[in-house]
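**Student:** Just dropping this structure here.
The values are calculated or read from the model by the stated rules, or taken from the named source; none is laboratory data. This structure is a prediction, so every number in the text was calculated from the model and none was measured. Just so you know, the surface numbers come from the protein's heavy atoms only, side chains and all, with ligands and any DNA or RNA stripped out. Shrake-Rupley method; radii C 1.70, N 1.55, O 1.52, S 1.80 Å.
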Amino acid sequence: MRMHWTFMIVAALLAAGGCTPGRDDPTPAYTPIPDEQLYAQILAVPGIQSVDIAYVDTLENLYAGKVAIAPDADAQEVLDRAHAILRQGRADADINLVGVQDGRQVRFEDLDVGTRAELEQRYGPQPGDGTPPGD
């Protein structure tokens, strides 16, 4: 009988633990825009030539990939817009996005915006509207 109660207590704790906020696979309080739609929105940003982004959920909750940026585009502005668009997607996803312009990799020079906390500080709470904040 003692084993039965121990099992019941452990089962209850595990069930409660699965429902706690802050876990790696959060349930958003909004309807995320589907990934393919996000990628299409990014491709429509002036200065973006191609998009190669994927959602990675094997070990992380992460959007990762690269965008090809036109040689005459402001790479920082384009990357800022792409990050803001991805914030409309999956809840609390980190973003590891690289731009390629004139054959070289470009990342934000003045902004750290990869982790969830940094993304929220820059773009506000999710889902956002896909518009970078005015600086």
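**Student:** May I ask for the equivalent-ellipsoid semi-axes of the stretch 47-123, computed as the square root of five times each C-alpha gyration tensor eigenvalue and listed largest first in whole Å?
**Tutor:** The equivalent ellipsoid of the stretch 47-123 has semi-axes of 21, 14, 10 Å.
**Student:** Still on this structure: Quick check: at a probe of 1.4 Å, how many percent of the accessible area of the stretch 47-123 sits on carbon and sulfur atoms? Mind dumping the intermediate values first?
**Tutor:** Numbers: 1590 of 3990 Å².
That share works out to 40 percent.
**Student:** Taking only protein heavy atoms into account and a 1.4 Å probe, give the accessible area per residue of the stretch 47-123 in Å².
**Tutor:** 52 Å²
**Student:** With θ taken as phi - 60° and the coefficients 6.51, -1.76 and 1.60, list the Karplus ³J(HN,Hα) couplings across the stretch 93-107 in order, rounded to whole Hz; mark glycine and proline as x.
**Tutor:** 7, 6, 10, 10, 10, 10, x, 10, 9, 6, x, 10, 6, 10, 10
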